[in-house]
Each structure stands twice: as C-alpha cells, then as structure tokens.
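Novice: Below are the structure tokens for one structure; questions will follow.
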Amino acid sequence: MNEKGKIGIKILMVILIVILASVLVYVNQTPVFFTKAIRLFNKNYEYKTPTVELGSTEGTFVTALSDARAVIGTKEGINVYSHSLKSEKSAGFSGENPVIKHNGDKILVFHKGSEKAFFMNGKKNIPITASGNILTGAVNENGYFALLTEEKGFKAEIVVYDKNGEEFYKWHSAENFVTDITLSPSNTAFAASALDYSDGALKSKLLIFDTTQEEPKITDANENFTQIEFIGRSKIAVVSNNAVSVYSTGGNRLWQHSFGSKTVFAYKIKDGKIAAAAGDSNLGTETLDVLMFNDGGKAVVNFKNKGEAVCLDILGNDVLIAGKRYMRVAGNKEKSYIKTGKDIVSAQFFGNNKTALVHSGALVQLEYFD
C-alpha cells in the first residue's frame with residue numbers, strides 16, 4: 001500500500017474515532033469518553049472543566065435550574081450561567097448573604113435579614129421591598145412567590161405576590177414563630193411551619209392557608225419540622241429531625257417514615273419525592289441510611305451509605321450523595337463514585353445523572369461521573 005493510502009486510512013480512523021466519541025458523549029452526556037479518545041493520540045490532553053471563579057468563599061449561594069443552567073448569588077449580584085457555565089445574564093442585586101429560591105425559570109433572590117428581594121420571571125426583573133427583615137421565601141411553578149418577614153409588633157408576616165409582583169395575600173401573626181413557607185401550584189393555597197412552646201416542649205405545627213380565608217387551619221405535630229414543601233397541588237412534604245412525612249391540605253398526615261433514634265443530617269424534596277440521610281452521627285466512619293420516597297410513601301431507594309452526607313439531590317430514581325470530599329450516585333445500589341480534592345459546600349445534579357454542579361470554596365465547577 002502506498003503512502004497516500006496509509007495516510008487515508010489513518011485519517012479515516014481518526015474520523016471514525018471522533019464520530020464514535022461524539023456518539024458516546026451524546027449517550028453518556030459527559031466529556032469523559034471524549035477525553036479518553038483524544039488521549040489515544042495525545043496522552044497529555046486534559047479537558048478544561050467548566051469553572052466559575054468566585055471572588056470570595058463567604059456569602060455565596062449556588063443552585064442548579066432544571067434546564068441545566070446555574071444561578072450564583074454573591075454579595076456583588078446575581079448571575080445566570082449556561083450548561084457550560086458561560087454567563088448568560090446578570091442582575092445587580094448586591095448585598096450580604098443572598099438566598100435563592102427557584103421553580104423552573106422563576107427565580108426569587110433575597111438577602112436574609114434585609115428588606116430587599118428580587119424576582120426574575122423570564123425577561124421580567126421585579127425588585128421588592130418588604131415591610132420587615134426577610135427570613136425566607138418560596139416560589140411556585142406559575143411565578144407566584146411569597147416572603148416571610150419579621151415585623152415590630154408581630155412575630156411574623158407572610159405576603160404572597162402574583163407573577164407581576166403585586167400583593168395577592170397578606171397574613172400577620174403575633175402568636176406564631178413561623179420558620180418556613182411553601183406555595184401550592186394552585187396559587188390559592190400555601191402552608192407554613194411554626195414553632196410552639198405552649199406546653200413547655202418545643203414542637204412544630206403546620207399552618208395551611210386558603211387565600212379565600214383570613215385564618216389558616218392548624219395541625220399540631222409532636223416533632224420539629226426542618227423543611228416543608230408542596231409536592232403537587234394538595235400534598236405537603238415535611239422533613240423533621242428524625243422523620244419524613246406527607247400531609248394533605250386538610251391537615252391530615254397521610255404517611256410518615258420515622259428513623260427512630262437516628263437523626264436526619266441531609267435531605268432533599270424535589271420532583272414529588274423526598275430523600276433523607278439519617279444516622280447516629282454524621283462522620284466519615286458512619287454508615288447512613290439513605291432513603292427516597294415517592295409522594296405515596298413508597299421507598300424507591302434504600303441505600304446504606306458509608307461516609308458523612310453534606311447534601312443530597314434527586315434526579316429520577318437516583319440520589320446524589322455528597323460528602324466532604326466525595327460524591328456518589330445511588331439507587332438501591334451504588335452507580336457512580338468519585339473523590340474530589342476540595343471540601344464540598346454543595347453539589348447538585350446538572351442536567352443528567354452523570355454531571356454535578358459543585359461548589360467548593362471559591363470555585364463552582366462541573367464534575368463528571370464515569
């Protein structure tokens with residue numbers, strides 16, 4: 001075979017490898033296979049991981065949107081990034097300790113302890129000034145959002161806004177120390193959790209609101225709520241210090257899973273499911289029970305995790321378990337595992353179950369599972 005023929009075969013092989021690598025990248029949705037293919041020809045090739053360098057490690061909030069975009073809040077402002085962590089848009093909403101709540105592309109940002117909030121609904125940017133210091137907030141899929149504030153003379157005020165930022169419903173309470181709020185997709189119902197000291201023991205109660213009524217239904221609970229979240233129009237998921245539950249909008253508890261004497265150290269409520277990691281301690285030597293339930297109370301994941309849990313995330317029937325310096329994807333069995341070189345602040349699935357958006361120190365970057 002002449003030299004031209006040999007060169008032609010080599011070119012054809014390269015083209016076939018690139019095509020195969022492209023197919024594998026499409027199927028596996030990560031650059032891992034592409035990198036391995038390139039290294040057949042260049043052993044020193046390194047894939048440049050998409051990274052955002054933060055100016056500071058303090059007061060940064062990072063969250064992944066459902067369409068594989070990221071929102072990062074710092075004291076300088078808010079930035080939205082593409083699936084490759086390229087900046088798409090920004091908002092000059094500066095301040096200390098930003099918190100981001102989102103539902104789809106509806107994004108609510110506030111600075112905890114201040115009176116300022118900022119709502120991003122598609123191309124609309126709506127600044128909000130609350131009447132007191134903001135404790136927390138919530139947003140639903142339709143763009144309705146709510147702010148929980150402290151006020152002089154009242155222990156709590158909840159204001160619900162429509163998608164245009166107009167006040168839709170307001171409720172004052174001098175009797176309840178409210179800790180969390182959540183909005184139904186129906187726009188006409190919302191719920192709040194509050195602390196109760198009336199009998200000398202600290203416990204929570206669930207306040208369920210119908211916006212056509214002035215006062216909520218109240219359900220007492222012999223547990224301390226950590227987070228509440230609507231899952232669907234008429235069910236409210238609740239995480240407490242040692243259990244997960246679901247309540248109806250009528251105030252009835254539909255089901256509960258108790259971890260007994262174990263403590264819930266990490267949890268996630270997302271896409272109609274509840275995941276929780278519980279154990280006797282949250283140390284690297286500990287084995288945690290990681291369970292994920294659907295809204296009917298069926299355990300769709302039951303996994304024994306060796307190591308501490310910093311945070312969890314959910315995608316389909318997979319759970320992302322992030323420890324101090326590791327990440328694991330699991331169903332009832334381990335599916336993927338990687339170690340990281342830096343302490344993880346937060347980690348979330350990013351578009352698929354082979355990619356994670358990871359906040360470590362002053363960096364936000366993508367990590368890929370094989």
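Novice: Only one of (1) of a type outside the set (Lys, Arg); (2) surrounded by fewer than 18 Cβ atoms within 10 Å (Cβ to Cβ); (3) not in a strand (DSSP E or B) is not met by residue 353, so which one is it?
Specialist: (2)
Novice: Ok, one more. Suppose we filter 95, 73 for residues that are touching a Lys or Arg at 6+ places or on another chain (Cβ under 7 Å), without any contact (Cβ under 8 Å) to a residue 40 or more places away in the chain and buried (at least 17 other Cβ atoms within 10 Å of the Cβ); which single one remains? Outline the logic, then answer.
Specialist: Working: 73 fails: touching a Lys or Arg at 6+ places or on another chain (Cβ under 7 Å).
Step by step, each of 95, 73 is checked, and only 95 is touching a Lys or Arg at 6+ places or on another chain (Cβ under 7 Å), without any contact (Cβ under 8 Å) to a residue 40 or more places away in the chain and buried (at least 17 other Cβ atoms within 10 Å of the Cβ).
Residue-by-condition table, conditions (1) surrounded by 16 or more Cβ atoms within 10 Å (Cβ to Cβ); (2) in contact with a Gly (Cβ under 8 Å, 6 or more places away or on another chain):
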residue: 81; (1), (2): yes, no
residue: 88; (1), (2): no, no
residue: 101; (1), (2): yes, yes
residue: 104; (1), (2): no, no
residue: 119; (1), (2): yes, yes
residue: 126; (1), (2): yes, yes
residue: 143; (1), (2): yes, no
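Novice: Just to be sure before I move on: is residue 262 touching a residue at least 60 places away in the same chain (Cβ under 8 Å) and either more than 21 Å from residue 346 (Cβ to Cβ) or of a type in the set (Gly, Ala, Ser) (or both) in the structure I sent? Reasoning before the result, please.
Specialist: Values: touching a residue at least 60 places away in the same chain (Cβ under 8 Å): no; either more than 21 Å from residue 346 (Cβ to Cβ) or of a type in the set (Gly, Ala, Ser) (or both): yes.
No: the conditions fail for residue 262.
Novice: Could you tell me which of the residues 275, 243 is touching a Phe, Trp or Tyr at 6+ places or on another chain (Cβ under 7 Å) and over 24 Å from residue 345 (Cβ atoms)?
Specialist: On the way: 275 fails: over 24 Å from residue 345 (Cβ atoms).
Only one candidate qualifies: 243.
Novice: Which condition breaks for residue 182 when tested against (1) farther than 30 Å from residue 125 by Cα; (2) crowded, with 16+ Cβ neighbours inside 10 Å?
Specialist: (1) is the only condition that residue 182 fails.
Novice: Could you list, in sequence order, the residues of region 180-217 that are under 13 Å from residue 250 (Cβ atoms), of a type outside the set (A, V, I, L, M) and assigned to a strand (DSSP E or B)?
Specialist: 209, 210, 217
Novice: With 236, 228, 181, 208 as the choices, which residue is touching a Lys or Arg at 6+ places or on another chain (Cβ under 7 Å) and in contact (Cβ under 8 Å) with a residue 40 or more places away in the chain? It would help to see each step written out before you state the result.
Specialist: Details: 236 fails: touching a Lys or Arg at 6+ places or on another chain (Cβ under 7 Å); 228 fails: touching a Lys or Arg at 6+ places or on another chain (Cβ under 7 Å); 181 fails: touching a Lys or Arg at 6+ places or on another chain (Cβ under 7 Å).
Of 236, 228, 181, 208, the one residue that is touching a Lys or Arg at 6+ places or on another chain (Cβ under 7 Å) and in contact (Cβ under 8 Å) with a residue 40 or more places away in the chain is 208.
Novice: Quick one: in region 224-258, which of the residues that are buried (at least 20 other Cβ atoms within 10 Å of the Cβ) and among the aromatic types (Phe, Trp, Tyr) is nearest to residue 279 (Cα to Cα)?
Specialist: 225
Novice: Now for a separate question. Go through region 330-350 and give me each residue that's under 16 Å from residue 52 (Cβ atoms), at pLDDT 95 or above and either surrounded by fewer than 18 Cβ atoms within 10 Å (Cβ to Cβ) or small (Gly, Ala, Ser) (or both).
Specialist: Scanning region 330-350 gives 346, 347.
Novice: What's the total number of residues in region 323-350 that are closer than 19 Å to residue 64 by Cβ, touching an Asp or Glu at 6+ places or on another chain (Cβ under 8 Å) and touching a residue at least 40 places away in the same chain (Cβ under 8 Å)?
Specialist: Result for region 323-350: 5.
Novice: Taking residue 163 and the conditions (1) under 25 Å from residue 247 (Cβ atoms); (2) in contact (Cβ under 8 Å) with a residue 40 or more places away in the chain, which numbered condition does it fall short on, given that it satisfies the others?
Specialist: Just one mismatch for residue 163, condition (1).
Novice: Further, regarding this structure: Among the residues of region 219-247, how many are assigned to a loop (DSSP other than H, G, I, E, B) and within 28 Å of residue 198 (Cα to Cα)? Before the answer, list the steps.
Specialist: First pass over region 219-247, keeping only residues assigned to a loop (DSSP other than H, G, I, E, B): 222-224, 231-234, 241-242.
When the remaining residues are screened for being within 28 Å of residue 198 (Cα to Cα), the result is 222-224, 241-242.
Residues flagged as assigned to a loop (DSSP other than H, G, I, E, B) and within 28 Å of residue 198 (Cα to Cα) within region 219-247 amount to 5.
Novice: Just wondering, is there one or more residues in region 161-176 that are outside any loop (DSSP other than H, G, I, E, B) and under 14 Å from residue 136 (Cβ atoms)? Step through it out loud before you land on a result.
Specialist: Filtering region 161-176 for residues outside any loop (DSSP other than H, G, I, E, B) gives 161, 167-173.
Those left that are additionally under 14 Å from residue 136 (Cβ atoms): none.
No, region 161-176 has no match at all.
Novice: Which one is surrounded by the fewest Cβ atoms within 10 Å (Cβ to Cβ), of the residues in region 286-329 that are more than 16 Å from residue 264 (Cβ to Cβ) and among the basic types (Lys, Arg)?
Specialist: 298
The values are calculated or read from the model by the stated rules, or taken from the named source; none is laboratory data. Please read all numbers here as calculations on a predicted model, not as lab measurements. Please note: Cβ atoms are built from the backbone with ideal geometry, for glycine as well, and neighbour counts cover all protein chains shown.
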